[in-house]
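The values are calculated or read from the model by the stated rules, or taken from the named source; none is laboratory data. Values in this document were obtained by computation on a predicted structure and should not be read as measured data. Here the Cβ positions follow ideal geometry from the backbone for every residue, glycine too, while neighbour counts run over all protein chains shown. We work out accessible area using only protein heavy atoms, side chains counted, and drop any ligands, DNA or RNA first. Shrake-Rupley method; radii C 1.70, N 1.55, O 1.52, S 1.80 Å.
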Amino acid sequence: MNVSDFQDEAMPMPGFKKIVYACLFFFCSQANAQQVVVSGIIKATSSGEPLAGVTILVDSLSGALSDSTGNFSLSLSPTNHILFFRLLGFKELRKEIFPGATRQESLNIFLDESVRELGVVVVTAGKHEQKIEEVTVSMEVIRPSLVENTNAISMESVIDQVPGVNVTDGQANIRGGAGWSYGAGSRVLILVDDIPQLSADAGDAKWTFIPTENLEQVEVIKGASSALFGSSALNGVINFRTAYAKEKPQTRIGIYSGIYDKPLLQQGDRSYNLKWWGDTPQFISGFNFLHSQQIHRFDLVAGGNVLIDDGYRQGEFEHRYRFNMNTRWRTKTEGLSLGVNFNIQSAVGSLFFIWMNDTTGAYLPANNTLSDYTNNKYSVDPFITYFDKKGNSHKLRSRYFNTSNRNNTNQNSTAEVFFAEYQYQHRFKNEKFIVTGGIAEQYSKVNSQLYQNHSGNNIAAYLQVEAKIQKFNFSAGARIEQNEIDRESENPQA
């Protein structure tokens with residue numbers, strides 16, 4: 001056999017090539033025909049509403065997204081696969097599928113909401129409990145853990161950490177809007193348990209009077225809420241909600257202490273040492289406590305706070321003591337409860353307004369500018385609430401708030417606030433419509449050596465309707481008010 005004979009035998013025949021190509025084409029087309037279409041719809045377990053934008057991963061690799069109606073479709077090989085369904089705010093779902101030789105498979109997927117901030121229930125926006133994601137206004141919620149972690153001795157420092165909210169000279173400003181002018185009214189309303197907290201004399205918030213040791217949460221509305229809360233809420237509302245006793249008794253005690261560091265003032269290339277206290281350190285220390293307990297149908301919460309502040313400015317100091325108590329009796333009449341909340345604070349100290357100079361004397365008082373003071377505050381808040389089985393609720397809330405300031409500069413003053421509000425609310429059976437209405441009156445009285453004696457009265461009526469239609473939440477309301485100052489009244493304004 002020669003070489004040419006060997007080459008002819010080794011070379012495939014043209015007919016054999018056609019057979020090989022035909023077989024490859026057949027197997028490829030068969031493999032393509034075996035692709036399985038997996039489709040379905042993704043919904044939320046709680047509401048049953050379709051979920052858009054859900055990421056579907058196939059065996060941890062790229063997959064698809066659900067559309068605006070919650071539908072999705074995947075083309076997969078006929079082997080076992082693991083699908084992962086992921087969406088922010090929902091727990092990840094892992095599902096194994098066995099499509100086998102079927103050409104199409106349909107799935108119904110339900111995702112559970114994860115535990116997150118959107119699960120927080122608020123009451124300030126509509127004067128009733130609702131999920132924060134259903135609120136029609138921009139809202140922030142501060143949990144008690146933030147107060148504990150920052151060791152805040154006043155709620156002023158906590159509120160200053162909320163995005164879009166800043167506190168300047170004791171005045172809260174929301175998104176650049178003005179807070180309030182002392183004695184001239186408010187644009188950011190401060191509430192404690194839905195009741196106005198502003199004093200009658202200066203019209204300011206008494207931040208240190210708010211019970212930081214007993215907070216359920218703080219709700220901040222960034223925007224006008226004047227329909228439900230009046231003209232004092234044109235720029236927003238900050239509502240401090242106190243807590244009631246839970247099923248298990250709870251007791252907490254906190255102790256803190258600190259030392260004022262060496263203060264320095266830098267002006268250009270020069271540094272000034274402002275430390276005036278020598279080797280004796282200036283301390284700030286205190287403690288707080290809280291006890292809550294349910295006694296049969298009676299709920300009791302008692303807390304307190306003590307602050308001893310030596311101050312960092314010469315001659316200034318403050319010793320402050322506060323005690324608060326919440327009580328509630330859940331009567332045998334289903335849905336009826338009543339109680340009284342109580343808060344009292346006493347403080348003694350000294351302060352000055354004019355420094356000796358703007359360098360080494362920045363923390364030293366000018367001659368005869370120290371003012372010694374004794375400040376006492378207390379509030380009493382009786383309330384009655386009733387919920388029936390037909391979706392009606394009745395709430396009667398009231399407050400007496402007394403502020404007394406005594407000093408050695410002939411600027412003594414006593415301010416009193418009397419507040420009462422009746423609120424009616426009806427929830428329709430399908431929970432898609434809620435009607436809230438009420439009347440409120442606030443009477444203020446001030447006796448002062450500095451700005452003499454004054455009185456004021458505010459009467460208001462309001463109505464708000466909320467509707468939930470498919471995925472949309474709507475809210476509309478109206479309010480009418482009449483104000484009177486020193487018996488000079490204005491025409492009612494809506």
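For the residues Ala302, Ala233, the requirement of being without any contact (Cβ under 8 Å) to a residue 60 or more places away in the chain, of a type in the set (A, V, I, L, M) and over 28 Å from Gly349 (Cβ atoms) singles out Ala233.
Please go through segment 309-337 and give me each residue that is under 16 Å from Lys395 (Cβ atoms) and among the small types (Gly, Ala, Ser), ordered by number. Scanning segment 309-337 gives Gly335, Ser337.
Exactly one residue among Arg479, Arg487 is over 17 Å from Val123 (Cα atoms), basic (Lys, Arg) and open to solvent by less than 90 Å² (accessible area, probe 1.4 Å), and that residue is Arg479.
Looking at Gly170, Gly236, just one residue is under 30 Å from His454 (Cα atoms), open to solvent by less than 20 Å² (accessible area, probe 1.4 Å) and out of contact with any strand residue (DSSP E or B) (no Cβ under 6 Å at 6 or more places or on another chain), and that residue is Gly170. Looking only at residues in segment 412-447 that are out of contact with any Leu (no Cβ under 9 Å at 6 or more places or on another chain) and not in a strand (DSSP E or B), the one that is most open to solvent (accessible area, probe 1.4 Å) is Lys429. In this structure, Leu364 does not qualify as farther than 24 Å from Ser413 by Cα and under 39 Å from the mean Cα position of the chain (by Cα). Within segment 51-80, being in a loop (DSSP other than H, G, I, E, B), within 37 Å of the chain's Cα centre (by Cα) and surrounded by fewer than 16 Cβ atoms within 10 Å (Cβ to Cβ) holds for Ala52, Gly53, Ser60, Asp67, Ser68, Thr69.
From the list Ser285, Ser271, Ser257, the one residue that fits, being of a type outside the set (Lys, Arg), open to solvent by less than 40 Å² (accessible area, probe 1.4 Å) and part of a strand (DSSP E or B), is Ser285. Does Thr369 meet the test of being over 26 Å from the mean Cα position of the chain (by Cα), loosely packed, with under 14 Cβ neighbours inside 10 Å and more than 28 Å from Arg241 (Cβ to Cβ)? No: the conditions fail for Thr369. Tell me, which residue of segment 289-330 that is within 30 Å of Tyr386 (Cβ to Cβ) and basic (Lys, Arg) is surrounded by the fewest Cβ atoms within 10 Å (Cβ to Cβ)? That would be Arg297.
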